[in-house]
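The values are calculated or read from the model by the stated rules, or taken from the named source; none is laboratory data. Nothing here was measured: the structure is a model prediction, and the numbers come from that model. Cβ placement follows ideal geometry from the backbone for every residue including glycine, while neighbour counts extend to all protein chains displayed. To get the accessible areas, we keep the full protein, side chains included, count just its heavy atoms, and leave off ligands, DNA and RNA. Shrake-Rupley method; radii C 1.70, N 1.55, O 1.52, S 1.80 Å.
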Amino acid sequence: MKINRICCIGAGYVGGPTMSVIAQKNPEIRVDVVDLNEQRIADWNDQDLTKLPIYEPGLDGVVAEARGRNLFFSTEVDDAIEKADMIFISVNTPTKTYGTGKGMAADLKYVELCARQIARVAKDDKIVVEKSTLPVRTAEAIKSILDNTGNGVNFQILSNPEFLAEGTAIDDLLSPDRVLIGGEQSEEGQAAINALASVYGAWVPEDRILTTNLWSSELSKLTANAYLAQRVSSINALSELCEATGADVDEVAKAIGMDSRIGPKFLKASVGFGGSCFQKDILNLVYISKSLGLDAVADYWEQVIIMNNHQRARFAKKIITTLYNTVSGKKITFLGWAFKKDTNDSRESAAIYVADMLMDERAEIAVYDPKVSSRQMLEDLNYLNTRSESENEELMDTHNEPYGATDGAHAVAILTEWDEFKDLDWERIYKGMQKPAFVFDGRNIMDSQRMRDIGFIFQGIGKPSE
Ligand SMILES: NC(=O)C1=CN([C@@H]2O[C@H](COP(=O)(O)OP(=O)(O)OC[C@H]3O[C@@H](n4cnc5c(N)ncnc54)[C@H](O)[C@@H]3O)[C@@H](O)[C@H]2O)C=CC1
Ligand SMILES: O=C(O)[C@H]1O[C@H](OP(=O)(O)OP(=O)(O)OC[C@H]2O[C@@H](n3ccc(=O)[nH]c3=O)[C@H](O)[C@@H]2O)[C@H](O)[C@@H](O)[C@@H]1O
C-alpha cells in the first residue's frame, strides 16, 4: 500500500516537528497538519521562522525546506481528513480535571472528537494512527467509534507513540533509538503496519523499526515515560540523603552510572522533573492499575510523583529556611522558567510550583527565561488558582535580560539549566545583589567553588553546603 497523502490532526509540540521531518524525508508524500487553533496555524505559516509556535533547535531549517513544497499547515480539518490515506491523531491528552478519574486518568475527549470527525468525513479506506500518548486499549474505543459511526469504509488503527524529548526533538526524530508501530495481528493490520514502516523507512534503518501488537505499543509508551521519570525521582531521593550526609550526588551518579547495567543517562538530580507528560502519563498508569484492582502496582508508580512533589517543596523550603525563615517582601530571582533547557515549554515546570510556594510566603519573584514569554509565566501561575490574577501580577515581575532581574535580589534560584546561565557575569550579579547574596542552584550547573570565591552563599542540589 503506497501512502500519497498524510493528515495530522494537532499541530502541537509533537504533530508539528514530527510531520515536518516526515515531510522533509518523504518529498513525494503531501503532509497536511491541521489544528482548530487558528493562531497556532498562522504562526506555523509565518514567513518569519523565528515566529514558529514552538522553539526547537533545527526545526526552522526543516520547516523552511518542506513548507509549501509538500508540508502544509491549515485549519481545514475536514478537507485534509477526506483527502488523506493515513491520518495521525496527535492531539493533547491531558489529565482529567472533572468527573471519574479526575486528577489521574487521561482525558480522551479530544481524541474521541477526532475519531468521530474522521468517521463522519471519510469516504474511502483510511489508516488511523494514534500518535498521542494513550491508555492501553484505547485503540479498541477508537475502532468502535469509527466502525459504528462511519460511512461503511474500512479503518485500520495503528499505535505509533512518539518518544522525542523537547529541546532535542529534531535530533531525536532524525535518529530515533527506535520507531514503535503496533497494529492488528491480521493481514490488513500487517499491510497497514508496512505502509507506516515505509514512511519511516525513508530515513530510519529497518532494524530500528519495531512492530508489536496494539496493546504492547500503547503500554510501552506509558512504561518508557514511567521508567525515565522513576530514574529522576530515584536520584532526587538520593540527593536529599547526600545533603544529610556530606556525599555529593553528582559523584554518586557518576559512580553508579559507570555500571553498564545502570548506565549514565537520566541521573541528573534537579529541582524536580516537569513537562507535559511525565506526571500525566504516570498518573494515567496509576489510574489504569487501580481500575484493574492492582493496588500494589499503582502505589509503586505513584511514589515517583510523590517524590517529585517532595523535591520541589524541599527546594522552596530550603530557600525560606536559609533566608532566615522569612522571604516576605524579599526579591528572589528565578533564572529559568521552562521545564528544561532549549524549549519554550513551561508545562508542569518545577519553577511554577516553587514560585507558588514562595509567593505564599509573600516573596517577590523576578524571572528571566530566554524563551518563555511573560504572558505564559503569568498564565502558568493563574492556572494553579492559588491567588487572584492581580495578586500574581503584583508578586511576580518578569524581565527580558538577567542583570535587571537579579539587581537588588536577596537570592537567585536557578530553575532551568540554560547554557547561557553558566556564562553570565556572576561578579556583576554579585555586586548588584543584597548581602549576603544567596544562590540556589536547582540544576547543579554552576561550579560551587567559583561561586563561593565570588562571595555567594551557594547551595546546589544534593551537594555539601560548604
Ligand atoms: N510534548 C511532547 O514532547 C510529547 C508529547 N506526546 C504526546 O503527544 C500528544 C500531543 O502532545 P503535544 O503536541 O505536546 O500537545 P499540544 O497541546 O502542544 O498540541 C495538541 C494540539 O491539538 C489541537 N487539537 C486538539 N483537539 C483538536 C481537534 N479536535 N481538531 C484539531 N486540533 C485539535 C490543539 O489545538 C493543539 O494545538 C499528547 O498525547 C502527548 O502526551 C508524546 C511525546 C512527546
Ligand atoms: O512523552 C513525552 O512527552 C516525552 O517525555 C520525555 O521528554 P521531555 O519531557 O520532553 O524531556 P526530558 O528530557 O525527558 O525531561 C523531562 C524532565 O525531567 C528532568 N530531568 C531529566 C533528566 C535528568 O537526569 N534529570 C532531570 O531532572 C528535565 O529537566 C525535565 O524537567 C521523554 O524523555 C521523551 O522520551 C517522551 O517522548
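Observations on the structure shown:
- Label separation (GLU112 vs THR321): 4.7 nm, computed from points 7 Å beyond Cα along the C-beta direction.
- Listed residues LEU173, THR416, VAL297: farthest to the positive end of the dipole of the chain (Cβ charges): VAL297
- Taking the longest Cα principal axis of the chain as reference, the axis of helix 295-322 is set at about 30 degrees.
- Highest mean packing comes first when the peptides 46-56, 398-408 are listed by Cβ atoms within 10 Å, giving 398-408, 46-56.
- Counting only DSSP beta bridges with both residues in segment 5-204, the antiparallel share comes to about 10 percent.
- With every protein chain in place, segment 5-204: carbon and sulfur % of accessible area (1.4 Å): 47 percent
- Largest to smallest principal axis extent of the C-alpha atoms in the chain, angstrom: 73, 51, 43
- Here is the tail figure for segment 363-455: Cα pairs spaced more than 24 Å apart come to 24 percent of all pairs.
- From its DSSP helices (H runs of at least four residues, each -39,500 (n - 2.57)), the chain gives a residue-normalised ellipticity at 222 nm of -14000 deg cm²/dmol.
- Measuring between their Cα centroids, segment 401-466 and segment 93-167 lie 46 Å from each other.
- Rg/Rh ratio calculated on Cα atoms of segment 79-231 (Kirkwood radius): 0.96
- Nearest-20 debye value, the chain charge dipole, Cβ charges on Lys, Arg, Asp, Glu: 620 debye
- Difference of contour (0.36 nm per residue) and Cα-Cα distance, THR100 to ARG387: 100.7 nm
- Computed packing ranks the peptides 21-27, 155-161, 36-42 as 155-161, 21-27, 36-42, most packed first, by mean other Cβ atoms within 10 Å.
- Shape class for segment 1-134: oblate, because the ratio a/c of the largest to smallest gyration tensor axis (alpha-carbon atoms, square roots of eigenvalues) is 1.5 or more and b/c is at least a/b.
- Cα-based helix-to-principal-axis angle, 109-121 vs the chain, degrees rounded to 10: 20 degrees
- Take each peptide in 258-265, 445-452, 211-218, count the other Cβ atoms within 10 Å of every residue, and average; sorted highest first, the result is 211-218, 445-452, 258-265.
- Out-of-range pairs (alpha-carbon distance over 25 Å; input LYS268/LYS422; LYS25/LYS265; LYS280/LYS318): LYS25/LYS265; LYS280/LYS318
- Bridges between two residues of the chain, per DSSP, are antiparallel at a rate of about 5%.
- Counting Lys and Arg as +1 and Asp and Glu as -1 over every other residue whose Cβ lies under 13 Å from the Cβ of ASP124, the net charge comes to +1.
- Degrees, to the nearest 10: 15-25 long Cα axis against longest axis of the chain: 60 degrees
- Panel values: segment 143-188, Kirkwood radius from alpha carbon pairs, Stokes-Einstein at 20 °C and 1.002 mPa s, translational diffusion coefficient 162 µm²/s.
- Farthest positive-ward along segment 278-460 dipole, Cα basis, beta-carbon charges - from MET446, MET396, ALA351: MET446
- The apolar share of the surface of segment 278-460, taken as the fraction of accessible area on carbon and sulfur atoms (1.4 Å probe, ligands and nucleic acids excluded), comes to 47 percent.
- Measuring nothing but how far apart in sequence close Cα pairs (under 8 Å, 6+ apart) lie, relative to its length, the chain scores a relative contact order of 12 percent.
- 1.4 Å probe accessible area per residue over the chain, in Å²: 44 Å²
- Sparsely packed trypsin sites (Lys or Arg not before Pro) within segment 351-424, loop by DSSP, other Cβ within 10 Å at most 14: ARG362, LYS422
- Calculated over segment 371-415: convex hull of Cα atoms, volume per residue (Å³): 97 Å³
- Tail weight of P(r) past 24 Å, computed on alpha-carbon pairs of segment 147-268, percent: 47 percent
- Most positive-pole-ward Cα, LEU59, PHE88, LEU146, against dipole of segment 5-204 from beta carbon charges: LEU146
- Under the simplified labelling scheme, the SER328-ASP453 pair shows an inter-label distance of 4.0 nm, with each label point 7 Å from Cα along Cα→Cβ.
- For SER220, the accessible surface of its heavy atoms amounts to roughly 50 Å² (probe 1.4 Å, protein chains only, rounded to the nearest 10).
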